[in-house]
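We did not get these values from a lab; they are worked out from the coordinates using the rules stated. As the structure is a computational prediction, the values presented were derived from the model and not from experiment. Every residue, glycine among them, receives a Cβ derived from its backbone with ideal geometry; neighbour counts consider all protein chains shown.
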Amino acid sequence: MLTQKIVVTRNLLDGCLQPCDRLWLLVNVKGAAGLLVMVSDKTDKELLEAAGSQLKAVATFTAGTDHIDLAALKKRNIRLGYITDYLSDAVADLTVMLGSQMPWHPLLMAGPQIRGVTVGFLGFGRIAQAALKRLIATDKRVIYVTSKPGKPVWEDYYDLIKHMHGLTVPVEVARNLGQLASESDVVIVGCALTPSTKHLVNADFFKKMKKTSVIVNIARGPVIDTNSLVDALDQGKIFGTGLDVIEDEPNIQAIYPILEQPRCVLLPHIGSATLETREQMVAESVQNLLAGSIGEAMVNELKL
Ligand code: 8YV
């Protein structure tokens, strides 16, 4: 029987946001054929080098891959398994709810009306499109999307719903970020974190937003510049925010001023936290890990 070493950075149903002890990982990854990592485990050259040439596959317990040095993996012919579509529904539910709830206060109840609003998606991947389905089904809305429309998987569904409800919901690609900022009542940040999306939502973006608007982030904290967000809330440039992710999570100190904001709904990165989704994520990532370690087909392999 062929025996391979695999390393799992922690109990899959324990907390994922606290990084695994780096020193432990660097020592224990040596000689592994497969490695399973979480959202907070930086999977960089140093770690791959510590693993050595036996490492055939990394499986991540995430859909996002910003914690992984993809070029370094490719250079070493290491395969990457990830979570694809299953979590989109859970995150899309949370996305829509974050955009429509605010903490109770008599004056805060006078927030923006939901019906007929413009929702602007910054990033239009699977989660955004799943959120769009929910928005179309519940209300008449004008919806703008960003310049990267992605695969239009929503089109069939959209036509069906439109037919059933007689809705007229224009779905348009925004010309640029400025249009997205200035015309949206709810901006939903759903893009991947890359060097070009870091702080894409900054002081300039907030300056263009409506005073009555809300910004939601279910993607990665650093896409929004936290200082500019705090200023925008302080100075009444926007109405409120709903965040499932923050910069430098789970270090809450880094975003301390946000906690003082009455119009901020903050969640601890739980977008994919339904029992069904977590169960599926465990199954998929472990299957990716085991198959990848012995050179077999993974459930979801990212083309590097
Ligand atoms: C988290 C996520 O990984 O898949 C992603 O990219 O950000 C989430 O699903 C999950 O909360 C576990 O840390």
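Stretching the chain fully between ASP204 and ARG76 yields a gain of 42.1 nm (0.36 nm per residue, less the alpha carbon separation). Beyond a 25 Å Cα-Cα separation, which of these cross-linked pairs lie in this structure: LYS30/LYS198; LYS5/LYS74; LYS42/LYS133; LYS133/LYS207; LYS42/LYS75; LYS133/LYS198? Violating the 25 Å Cα-Cα cut-off are LYS30/LYS198; LYS42/LYS133; LYS133/LYS207; LYS133/LYS198. Projected label points at LEU266 and ASP248, each 7 Å from Cα along the beta carbon direction, are separated by 1.3 nanometres. Applying 1/(1 + (r/R0)^6) with r as the Cβ-Cβ distance of GLU279 and LEU259 and R0 = 25 angstrom yields a FRET efficiency of 0.20. In this structure, ASP69 and THR3 have a Cβ-Cβ separation that, at R0 = 45 Å, corresponds to a calculated FRET efficiency of about 0.95.
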